[in-house]
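Notes follow the structure.
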Amino acid sequence: MQKILYVTPHLSTGGAPQYLLKKIELLNDQYDIYVAEYNDYGIFRVQKDEIITLLGKKHKTISERREELLEWIDEISPDIIHFEEMPELFNIEDEIATKIYSKDRPYKIFETSHDSSFDPKLKKYFPDKFLFCSDNQLIKFRSIDVPACVIEYPVKKYKRKNRVEGLKYLNLDPEYKHVLNVGLFTSRKNQAEIFEYAKHLINEKIQFHFIGNQAPNFKDYWGPLMENKPDNCIVWGERSDTHNFYSCMDLFLFTSKGHHFDKETNPIVLKEAECWDIPIMLHKIDSYLDKFDNKFKFLSEDITINVLKILNMLKIDSHKFSISSDYNGDVLNNESTKLHLSFD
């Protein structure tokens, strides 16, 4: 059985650790898998705890003495070292990376990235193959003469709960419509925009739910939001049971926009929402290419228009709002994508 050592920047709850967890779940019977966690942030451990449950002592947190990674590689003698992010994008020291990427290495190196803004011209270390998570990365890195493919996070359809029973299980009122957002509280995820919708809809029977951690390094963003949180917004914090929310709520609202150097790549939360067949609204971002054009409903740049769209998706009468000329109430159909794994 071949050995794979995954080197990940961290395992703090988020999309990249979830992507790694899913790969481990799918491949653990076919490969002898190890995980080296380069940085331990100490909190927000949803995926980390699941990985440790699966791997036990085959998970290792690298200490500040970074040579531990090199020593573990020698001890394990892996067939494949798979970086879950390009080493140029996290604080792996040049001396360590240079030794791992040596030309006479006895193992293959694969790289995945969860970033959509990295300039290929800045690449210093070259793997045997790129296993990207999104088509836009594949296109962007065509200038580098390294084999590449795309491995999408898998979409598997789940059966939604009885809405009333699911909401009551969460102690929520089925007489209200319930809108869900999942993600770390940051300016890129843009939860502030949903707070604005909530303020416009404060008199409607709608509640907005937020699942995601509030990391101390982003307090400048979420701190002021919490001080002015509308009463129809419920902040649940980090949860390990997001399926209980996806499976019974009425709308998934993803307001991330980002900027030139900090954009979404291929958000897992959208795929998870799709798995549960929950209606989805999001902003169109160029890094998505046309991936979601025939699946989900796009938000406008106009708050009033988006309020109308939300009401339309929730099947609530919007008579009290004036509809702008570019408003389109059509709901797009959902499709699914498949996972393809290749280690050639």
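Decide, for region 78-195, between rounded, prolate and oblate: order the square roots of the alpha carbon gyration tensor eigenvalues as a ≥ b ≥ c, take rounded if a/c falls under 1.5, and otherwise choose prolate if a/b is larger than b/c, else oblate. Note, shape of region 78-195 comes out prolate. In this rough spin-label picture, where each label sits 7 Å from Cα along the Cβ direction, the residue 71-residue 90 distance is 2.0 nm.
Of interest is the spacing of the C-alpha centroids, which for region 167-219 and region 87-151 amounts to 36 Å. Karplus-derived 3J(HN,Hα) values for region 231-237, using 6.51 cos²θ - 1.76 cosθ + 1.60 with θ = phi - 60°, are 5, 8, 10, 10, 9, 8, x Hz; glycine and proline are entered as x.
Put 19, 34, 158 in order of accessible area, largest first, 1.4 Å probe: what do you get?
Correct descending sequence by accessible area is 158, 34, 19.
For semi-axes √(5λ) of the Cα gyration tensor in Å, pick the label among (i) 54, 24, 21; (ii) 40, 25, 17; (iii) 39, 21, 19 that corresponds to the value derived from the coordinates. The listed entry that was calculated here is (iii).
Counting 0.36 nm for each residue step from residue 240 to residue 22 and taking away their Cα separation leaves a gain of 77.0 nm.
Helical runs (DSSP H, four residues minimum) scored at -39500 (n - 2.57) apiece and divided by the length of the chain put the mean residue ellipticity at 222 nm at -8000 deg cm²/dmol. Using every pair of distinct Cα positions in region 162-297, the Kirkwood expression returns a hydrodynamic radius of 15.5 angstrom.
Between amide H atoms placed 1.01 Å from N, distances below 5 Å from residue 82 occur with 5, 6, 7, 110, all of them 5 or more places distant or on a separate chain. Pairs from the list 3/291; 108/271; 263/295; 161/271; 257/295 with a Cα-Cα gap above 25 Å: 3/291; 108/271.
Length available on full extension from residue 43 to residue 188: 0.36 nm per residue minus the Cα-Cα distance, which gives 50.1 nm. For region 108-167, the equivalent ellipsoid built from the Cα gyration tensor has semi-axes of 36, 12, 9 Å, listed from largest to smallest. Between residue 139 and residue 220, the simple spin-label model (points 7 angstrom out along Cα→Cβ) gives 3.3 nm.
Based on every Cα atom in region 136-201, Rg and the maximum pairwise Cα distance Dmax equal 19.6, 57 Å. Karplus-derived 3J(HN,Hα) values for region 107-121, using 6.51 cos²θ - 1.76 cosθ + 1.60 with θ = phi - 60°, are 10, 8, 10, 10, 9, 10, 9, 10, 10, 10, 10, 5, 7, x, 5 Hz; glycine and proline are entered as x. For the pair residue 286 and residue 303, label points projected 7 Å from Cα toward Cβ lie 2.7 nm apart. Solvent exposure of the chain amounts to 48 Å² per residue of accessible area, where only protein heavy atoms count and the probe is 1.4 Å.
The values are calculated or read from the model by the stated rules, or taken from the named source; none is laboratory data. In this text the structure is predicted, and so the values were computed from the model without any measurement. Cβ: placed from backbone, ideal geometry, glycine included. Neighbour counts: every protein chain shown. In case anyone asks, the SASA skips ligands and DNA or RNA and just uses the protein heavy atoms, side chains included. Shrake-Rupley method; radii C 1.70, N 1.55, O 1.52, S 1.80 Å.
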